[in-house]
Every structure is written in C-alpha cells, then in structure tokens.
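Notes for the one structure printed next.
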Amino acid sequence: WNVRKLCFEFDSEPYYQAIDDKVKKFCASTSVETFSPVSHTIYDPADIIRKNGGKPPLTYQSFVKLAGEPSWASSSVSTGVTWLPTVGNIGRCSVIDVPSIEELGYEELPEDETTPFKGGETEALKRLRTSLSDQEWVSKFEKPKGDPSAFLSPATTVLSPYLKFGCLSSRYFYKCIQGIQRNVKRHTSPPVSLLGQLLWRDFFYTVAFGTPNFDRMKENRICKQIPWRNDDELLAAWREARTGYPWIDAIMVQLRKWGWMHHLARHCVACFLTRGDLFVHWEKGRDVFERLLIDSDWSINNANWLWLSCSSFFYQYNRIYSPISFGKKYDPNGNYIRHFLPVLKGIPKEYIYEPWRAPMSVQVKAKCIIGKDYPKPVIEHDVASKECKQMLHQAYELNRRSNGIVSVEELESLRRRMEDEEDADQQQCLKGKRLK
Ligand code: FAD
C-alpha cells in the first residue's frame with residue numbers, strides 16, 4: 001500500500017500528496033513528530049532510481065548490480081523479535097478483540113474448503129523457522145525447479161502473504177537466509193536462489209515505484225500496446241474454472257479456495273488467459289488475482305502480469321505453457337486435479353489432463369460426462385496458441401514501427417484486422433466441415 005501511495009506521489013497525483021501534507025502539517029501544529037521510514041522493502045526504491053540516473057532499472061541483472069549489499073545488512077542489526085510496548089493510557093477509547101466475520105455483517109462462507117494458511121506474525125515466524133530449518137533445502141533452492149502441483153507440502157516457503165501484510169519483515173527474512181548462506185560451503189545464487197526471490201520482489205517494487213501508469217497498458221511506457229480481445233465469456237470461463245482444461249481449472253479453484261498457488265501454476269493460468277490461448281487483456285486477469293490472492297500485492301502482481309502476457313520484461317511470446325503437458329510432467333496421475341476438481345476423480349490417469357478424449361463408456365464409468373458434469377474445452381489449444389502467436393507477432397511489429405508509441409487508432413485498426421482474419425478463418429473452417 002505504501003508503494004502504491006508513493007507511486008501516486010511520484011506520478012504527481014496531487015490527491016495522496018495533499019493528504020500526506022495535511023497530516024504532516026496537522027502533526028507539526030500539535031508538536032507531533034512525523035517520519036516516513038522505508039522498511040517494507042530491502043532497499044529504498046528511490047535510492048536505486050537515483051543511482052540509475054532517475055529511471056528505474058528495467059532488468060533484474062541491472063537492478064542487482066545497482067542495489068549491491070543493503071546498507072543495513074553488514075551492521076549488527078538485531079534480527080531478534082521485539083515486542084510492541086503495552087498499550088498505555090488510551091483515554092476514552094477501548095481495546096476490543098478482532099471482530100468475527102458475523103460481527104462484521106457477513107455470513108459464514110459456504111466453501112467446503114478454505115485456505116490452510118493462518119494469518120499473523122506468530123504464524124509467519126513459525127513458517128519462516130520451519131522453512132529455513134533445512135539448510136540444505138535453502139542452499140539448493142532453485143526456483144524454476146519446484147513442483148507446482150505439490151499442494152499438501154508446497155515446494156516454496158508460502159511466506160508471500162505474511163510479507164504482504166507486514167507479518168514478516170523482508171529484511172529479517174533476508175538476514176536469516178544470509179546467515180545460512182554464510183554457514184554452508186555452496187549455495188545457489190540470484191536470480192534462482194531463495195535470496196534471489198526476495199530481490200525479485202524489490203526489483204518489481206522499484207520499477208512499479210518509478211513507472212507512471214505501471215498498472216495499465218495505456219500510457220505505460222514500458223508496456224507493449226497489444227489489441228487484446230474483449231471477451232467477457234472467455235474471461236468468466238477462466239475466472240470460474242470452466243475452461244474445460246483440468247490443469248487450468250484446478251489452479252483457478254486453488255486460487256478461489258486457498259488464495260495461494262505455486263509460482264509456476266500462476267504462470268500457467270496467466271499465460272493461458274493472455275498470450276497463450278484466450279488473448280484476453282492482462283489487466284482483467286490481474287484484477288481477478290488482486291481480489292482472490294491472499295498475497296495480492298500491487299507492485300508484484302502487476303509486474304508479473306506484465307511479464308506473463310509478454311507486455312514487458314519478457315518478450316519470448318513463442319514460448320507457451322501447454323495446459324495439457326506442462327502439469328503432466330510433474331503430476332502424471334493428476335492428484336492435484338483430483339483434489340481441486342473432485343468431479344474428475346474417477347477419470348483414469350490417461351485422460352485426466354484431456355477428459356474430452358475419454359470414450360463415453362469411460363466417462364459413464366467415471367460418473368463424469370464431458371459437456372454435462374464438466375465442460376468441454378472453450379478453445380482448441382493447438383489452434384488458439386498458434387493464433388495468439390500470430391497476433392502477438394503483428395502487435396510487436398506495430399510497436400516496433402511506432403517506436404513504442406502506438407496511437408489508439410493504430411491499435412483499433414490492428415484489432416479490426418485481427419477480428420476480420422479470425423472471421424475469415426472461422427468461415428473457412430465451416431466451409432471445410434460442410435464439404436466433408
Ligand atoms: P518463495 O519462492 O518462497 O519466495 C520467497 C518470496 O520471494 C515470496 O514470498 C515473494 O515475496 C518473493 N517472490 C518470489 N517470487 C517472486 C516473483 N516472481 N516476483 C516478486 N516477488 C517474488 N507474489 C506476490 O507476493 N503477490 C502477488 O500479488 C503476486 N502475483 C503474481 C501474479 C502472477 C501472474 C505471477 C506469475 C506471480 C505472482 N506473484 C505474486 C509472484 C510469485 O508467484 C509469488 O510471490 C510466490 O509464488 C509466493 O510464494 P512463496 O512465498 O512460497 O515464494
């Protein structure tokens with residue numbers, strides 16, 4: 001929230017600045033001292049931007065080079081837990097317990113399963129201790145190698161919700177990892193190491209802080225202008241876990257129920273919604289994540305959606321996650337799918353990632369008829385991903401020709417051309433079917 005606020009200030013949005021100034025003025029007039037510490041991140045984003053000549057570094061490597069060792073890391077900063085002072089005289093106010101859901105006016109959730117991750121600082125520190133107790137695991141941590149389908153015992157720390165809410169200090173986390181790395185002979189390094197993950201967080205905070213309109217495509221100078229499809233039906237199918245691709249739908253159910261999924265699982269569903277299959281605007285997916293993630297974080301969420309949609313940071317749009325074979329690599333039996341989509345529980349292993357291919361007798365035996373109990377695929381992956389690549393190719397060409405400054409008219413005209421091509425393809429397809 002702090003960075004979001006600062007971002008507005010940076011953007012010379014007068015509203016938040018005015019509030020800050022008012023608060024500061026009021027405090028000064030009543031002899032109350034104000035200070036604005038930066039401690040939510042490892043580095044001060046403004047410092048990094050200053051070091052980079054006033055612009056945020058746009059690659060992780062350049063960020064790491066500029067950032068160096070944090071100023072506080074070599075000093076003997078206490079990493080022990082300090083306690084809040086006891087509540088003193090609070091006049092006529094009273095301290096109450098945290099109200100229950102019902103007391104806040106909501107009904108108990110009818111969900112059959114909710115997030116297994118409890119909130120709070122005690123829980124955060126317990127989780128941190130448990131994660132870091134295995135020094136070998138920490139020193140060998142290598143991000144892309146984790147198993148996204150491991151849900152009973154996740155492959156990463158699941159400390160993101162605690163960092164987001166300030167239950168865990170990123171600096172304390174950093175110090176603990178650093179302590180382990182000094183103790184072992186060999187360890188992995190950024191960007192793949194556990195410490196490297198925290199640097200990703202700071203990198204994205206820095207870019208978000210220094211980039212006006214970071215959370216949208218328009219008027220965002222680091223974002224490619226792409227004529228995404230405006231298709232609410234496809235968006236709803238994705239959001240409500242009705243795409244017909246069990247791997248994608250199971251991840252979306254985990255998001256809805258748990259509010260947390262493994263990083264690569266997030267990759268898969270974000271790629272599927274945007275540049276991989278559905279060609280829906282990344283801002284729409286970002287909104288869904290923002291609402292449902294328990295670690296939802298303005299800077300990190302926007303940055304990763306920009307990345308996954310090939311709008312910024314990463315541009316290899318030909319590399320697409322298959323909604324069928326990617327999950328299968330990690331979980332051939334489909335245990336993850338069976339857990340989050342119990343309707344598919346009886347589907348044999350060979351069809352669990354593509355249930356529409358199962359013969360009717362198999363579907364009947366599994367008590368799951370495709371098209372009735374579980375949806376048919378909303379698109380054909382092979383066809384859709386090919387089209388997406390072509391559309392991105394055209395959009396990238398337009399961005400290149402216009403030197404990144406694409407006008408509304410140019411984007412509209414490309415959108416119309418793409419729609420016309422799509423219509424022509426469909427007509428061709430229908431004609432082909434009729435001929436057969
Ligand atoms: P670990 O692997 O244990 O890493 C430790 C910490 O490093 C994390 O808690 C997190 O603070 C940081 N970190 C790890 N990966 C990243 C990353 N790619 N970018 C920035 N910081 C990272 N993370 C959020 O915290 N909030 C979000 O709203 C969010 N939205 C995302 C949206 C998309 C589309 C994608 C692909 C990723 C998103 N992430 C987000 C990043 C990442 O998936 C999560 O931080 C990570 O999965 C959290 O699990 P963990 O704590 O076990 O991570």
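The values are calculated or read from the model by the stated rules, or taken from the named source; none is laboratory data. From a predicted model like this one, the values you see are computed outputs, not experimental measurements. All Cβ positions, glycine included, derive from the backbone under ideal geometry; neighbour counts span all protein chains shown. Accessible surface areas use protein heavy atoms only, side chains included; no ligands, DNA or RNA. Shrake-Rupley method; radii C 1.70, N 1.55, O 1.52, S 1.80 Å.
Data for the structure
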| read-out | value |
| --- | --- |
| Distance between modelled label sites at residue 71 and residue 413, nm, 7 Å Cα→Cβ extension | 5.1 |
| Helix axis angle, 298-308 relative to the chain longest principal axis, alpha carbon, degrees | 30 |
| Contact order relative to length of the chain, as percent, for alpha carbon pairs under 8 angstrom and 6 or more apart | 16 |
| Anchor residue 25: lysines whose Cα lies under 28 Å away (excluding residues fewer than 8 positions away in-chain) | 5 |
| Exceeding the 19 Å Cα-Cα cut-off - candidates 126/185; 224/284; 118/175; 145/175; 118/257; 118/164 | 126/185; 118/175; 145/175 |
| Probe 1.4 Å, accessible area per residue of the chain, Å² | 56 |
| P(r) of segment 232-434 over all Cα-Cα pairs, binned every 10 Å from zero, in whole percent | 8, 32, 34, 20, 6, 1 |
| Convex hull volume of segment 113-210 per residue (C-alpha atoms, cubic angstrom) | 119 |
| Semi-axis lengths (Å, descending) of the ellipsoid that matches the C-alpha gyration tensor of the chain | 40, 29, 23 |
| Local electrostatic count at residue 315 - Lys and Arg +1, Asp and Glu -1, tallied over other residues with Cβ under 14 Å | +4 |
| Partners for residue 367 among lysines (Cα-Cα distance below 19 Å; same-chain residues under 8 apart left out) | 345, 349, 376 |
| Bins of 5 Å, starting at 0 and running to the largest distance - Cα pair percent for segment 115-167 | 4, 18, 26, 26, 19, 6 |
| Rounded percent of accessible protein surface that carbon and sulfur make up, the chain, 1.4 Å probe | 53 |
| Within-15-Å neighbourhood charge of residue 217 [Cβ basis; K, R +1; D, E -1] | +3 |
| Extension gain, residue 58 back to residue 25 (0.36 nm per residue minus Cα-Cα distance, nm) | 8.3 nm |
| Sites residue 47 and residue 382, calculated FRET efficiency, Cβ-Cβ separation with R0 60 Å, nearest 0.05 | 0.80 |
| Formal net charge of residues neighbouring residue 386 (Cβ-Cβ distance under 11 Å; K, R +1; D, E -1) | -4 |
| 3J(HN,Hα) from dihedral phi, segment 409-418, Karplus parametrisation 6.51/-1.76/1.60, rounded to Hz, x for glycine, proline | 5, 4, 5, 4, 5, 5, 4, 4, 4, 5 |
